[in-house]
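Trainee: Supplied in C-alpha coordinates, the structure appears directly below.
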Amino acid sequence: FANKVIYVNSFTISKKDMLASAVRVTGTPLSDWKVTKESAKERYDTGITEMKQGNRVGFAKMVYMRAFYDDGVGNVERKGLANKTLGLEIEDLDETTARAFERAKTVQVFG
(Lines give C-alpha, C1' and ligand atoms only; values in the text may rest on other atoms or scores of the structure.)
Protein backbone atom coordinates (compact mmCIF):
# COMPACT_ATOMS: atom_id res chain seq x y z
CA PHE A 1 0.00 0.00 0.00
CA ALA A 2 3.01 2.31 0.07
CA ASN A 3 2.19 5.70 -1.44
CA LYS A 4 -1.24 4.56 -2.64
CA VAL A 5 -4.75 5.56 -1.72
CA ILE A 6 -6.72 2.83 0.02
CA TYR A 7 -10.39 2.69 0.84
CA VAL A 8 -12.04 1.20 3.92
CA ASN A 9 -15.57 1.46 5.20
CA SER A 10 -17.86 0.32 7.94
CA PHE A 11 -21.11 0.35 5.96
CA THR A 12 -22.54 1.21 2.59
CA ILE A 13 -26.08 2.19 3.48
CA SER A 14 -28.82 4.64 2.68
CA LYS A 15 -30.53 7.19 4.89
CA LYS A 16 -33.50 4.81 5.00
CA ASP A 17 -31.22 2.01 6.26
CA MET A 18 -30.03 4.28 9.07
CA LEU A 19 -33.58 5.18 10.07
CA ALA A 20 -34.59 1.52 10.07
CA SER A 21 -31.66 0.73 12.35
CA ALA A 22 -32.62 3.57 14.71
CA VAL A 23 -36.18 2.25 14.87
CA ARG A 24 -34.92 -1.27 15.68
CA VAL A 25 -32.41 -0.10 18.29
CA THR A 26 -34.78 2.23 20.12
CA GLY A 27 -37.70 -0.18 19.90
CA THR A 28 -39.99 2.64 18.87
CA PRO A 29 -42.47 2.43 16.01
CA LEU A 30 -41.72 4.44 12.88
CA SER A 31 -44.88 6.45 13.58
CA ASP A 32 -43.13 7.93 16.66
CA TRP A 33 -40.49 9.52 14.44
CA LYS A 34 -40.87 12.80 12.61
CA VAL A 35 -39.59 11.98 9.14
CA THR A 36 -39.14 14.72 6.58
CA LYS A 37 -38.01 14.19 3.02
CA GLU A 38 -35.16 16.27 1.75
CA SER A 39 -32.69 15.51 -0.98
CA ALA A 40 -29.01 15.25 -0.13
CA LYS A 41 -28.40 18.39 -2.21
CA GLU A 42 -31.06 20.35 -0.29
CA ARG A 43 -29.63 19.27 3.07
CA TYR A 44 -26.08 20.02 1.88
CA ASP A 45 -27.18 23.52 0.85
CA THR A 46 -28.86 24.00 4.23
CA GLY A 47 -25.57 23.07 5.88
CA ILE A 48 -23.70 25.65 3.80
CA THR A 49 -26.22 28.34 4.78
CA GLU A 50 -25.96 27.39 8.46
CA MET A 51 -22.16 27.54 8.33
CA LYS A 52 -22.31 31.01 6.82
CA GLN A 53 -24.54 32.04 9.73
CA GLY A 54 -22.01 30.73 12.25
CA ASN A 55 -23.88 27.53 13.08
CA ARG A 56 -21.24 24.77 13.32
CA VAL A 57 -23.85 22.03 12.92
CA GLY A 58 -24.06 23.15 9.31
CA PHE A 59 -20.55 21.83 8.69
CA ALA A 60 -21.52 18.35 9.85
CA LYS A 61 -24.63 18.41 7.66
CA MET A 62 -22.64 19.52 4.64
CA VAL A 63 -19.85 16.96 4.98
CA TYR A 64 -22.18 14.13 5.92
CA MET A 65 -24.75 14.72 3.19
CA ARG A 66 -22.18 14.93 0.42
CA ALA A 67 -21.72 11.18 0.76
CA PHE A 68 -25.36 10.66 -0.24
CA TYR A 69 -25.29 12.52 -3.55
CA ASP A 70 -26.64 10.62 -6.55
CA ASP A 71 -23.18 10.68 -8.16
CA GLY A 72 -22.11 7.87 -5.83
CA VAL A 73 -19.15 9.75 -4.36
CA GLY A 74 -19.88 8.25 -0.94
CA ASN A 75 -19.78 4.66 -2.18
CA VAL A 76 -16.12 3.70 -1.94
CA GLU A 77 -16.94 0.00 -2.38
CA ARG A 78 -16.92 0.53 -6.13
CA LYS A 79 -13.28 1.62 -5.88
CA GLY A 80 -12.29 -1.55 -4.04
CA LEU A 81 -11.95 -1.87 -0.29
CA ALA A 82 -8.89 -2.85 1.71
CA ASN A 83 -10.93 -3.98 4.73
CA LYS A 84 -10.23 -7.68 4.32
CA THR A 85 -6.54 -7.20 3.55
CA LEU A 86 -6.17 -5.05 6.66
CA GLY A 87 -8.04 -7.57 8.79
CA LEU A 88 -10.88 -5.19 9.63
CA GLU A 89 -13.89 -6.92 11.11
CA ILE A 90 -17.37 -6.59 9.64
CA GLU A 91 -19.31 -4.22 11.87
CA ASP A 92 -22.93 -4.62 12.92
CA LEU A 93 -25.10 -1.64 11.99
CA ASP A 94 -27.48 -1.96 14.92
CA GLU A 95 -24.63 -2.28 17.45
CA THR A 96 -23.04 0.83 16.00
CA THR A 97 -26.36 2.68 16.05
CA ALA A 98 -26.88 1.71 19.71
CA ARG A 99 -23.41 3.08 20.58
CA ALA A 100 -24.24 6.32 18.77
CA PHE A 101 -27.45 6.74 20.77
CA GLU A 102 -25.59 6.10 24.03
CA ARG A 103 -22.85 8.54 23.10
CA ALA A 104 -25.41 11.18 22.18
CA LYS A 105 -26.69 11.07 25.77
CA THR A 106 -23.31 11.97 27.23
CA VAL A 107 -21.33 13.92 24.65
CA GLN A 108 -22.09 17.46 23.60
CA VAL A 109 -20.79 17.64 20.04
CA PHE A 110 -21.70 21.25 19.25
CA GLY A 111 -22.61 24.22 21.31
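The values are calculated or read from the model by the stated rules, or taken from the named source; none is laboratory data. Every value quoted in this text rests on a predicted model; they were computed, and no experiment measured them. For neighbour counting, all protein chains shown are included, and Cβ atoms are generated from backbone atoms with ideal geometry for every residue, glycine included. Surface areas here come from the heavy atoms of the whole protein model, side chains and all, with no ligands, DNA or RNA. Shrake-Rupley method; radii C 1.70, N 1.55, O 1.52, S 1.80 Å.
Trainee: Suppose every K and R has +1 on its Cβ and every D and E has -1 on its Cβ; what is the size of the dipole of the chain about the Cα centre, in Debye to the nearest 20?
Mentor: 320
Trainee: Further question on the same structure: Loop sites only, by DSSP: take the chymotrypsin sites (Phe, Trp or Tyr not before Pro) in the chain that have at most 15 other C-beta atoms within 10 Å and name the longest stretch containing none of them.
Mentor: 70-109
Trainee: Still on this structure: Can you pull the semi-axes for the stretch 41-81, root of five times each eigenvalue of the Cα gyration tensor, sorted largest first, whole Å?
Mentor: Value: 25, 10, 5 Å, ordered largest first.
Trainee: Taking the convex hull of the Cα atoms, report for the chain its projected area averaged over all directions, in nm².
Mentor: Over all viewing directions, the chain projects a mean Cα-hull area of 9.3 nm².
Trainee: Counting only protein heavy atoms and using a 1.4 Å probe, what share of the accessible area of the chain belongs to carbon plus sulfur, as a whole percent?
Mentor: In the chain, the share of accessible area belonging to carbon and sulfur is 55 percent.
Trainee: Can you pull the one-decimal nm distance between simple spin-label points at Asp32 and Glu89, each 7 Å off the Cα toward Cβ?
Mentor: Going from the Asp32 label point to the Glu89 one covers 2.9 nm.
Trainee: Quick one: if you stick a label point 7 Å off each Cα along the C-beta vector at Val63 and Gln108, how many nm between them?
Mentor: Once both label points are built, they end up 2.0 nm from each other.
Trainee: Let me ask you something else. Expressed as a whole number of Å, what is the distance separating the alpha-carbon centroids of the stretch 79-101 and the stretch 29-43?
Mentor: 25
Trainee: In addition: How large is the convex hull of the Cα atoms of the stretch 56-111 per residue, expressed in Å³ as a whole number?
Mentor: 122
Trainee: Another question, if that's okay. Applying 1/(1 + (r/R0)^6) with R0 = 35 Å to the Cβ-Cβ distance of Phe101 and Ser39, what FRET efficiency is obtained, to the nearest 0.05?
Mentor: 0.85
Trainee: I would also like to ask the following. If the chain between Phe1 and Lys52 were fully stretched, how many nm would it gain, using 0.36 nm times the residue separation less the Cα-Cα distance?
Mentor: 14.5 nm
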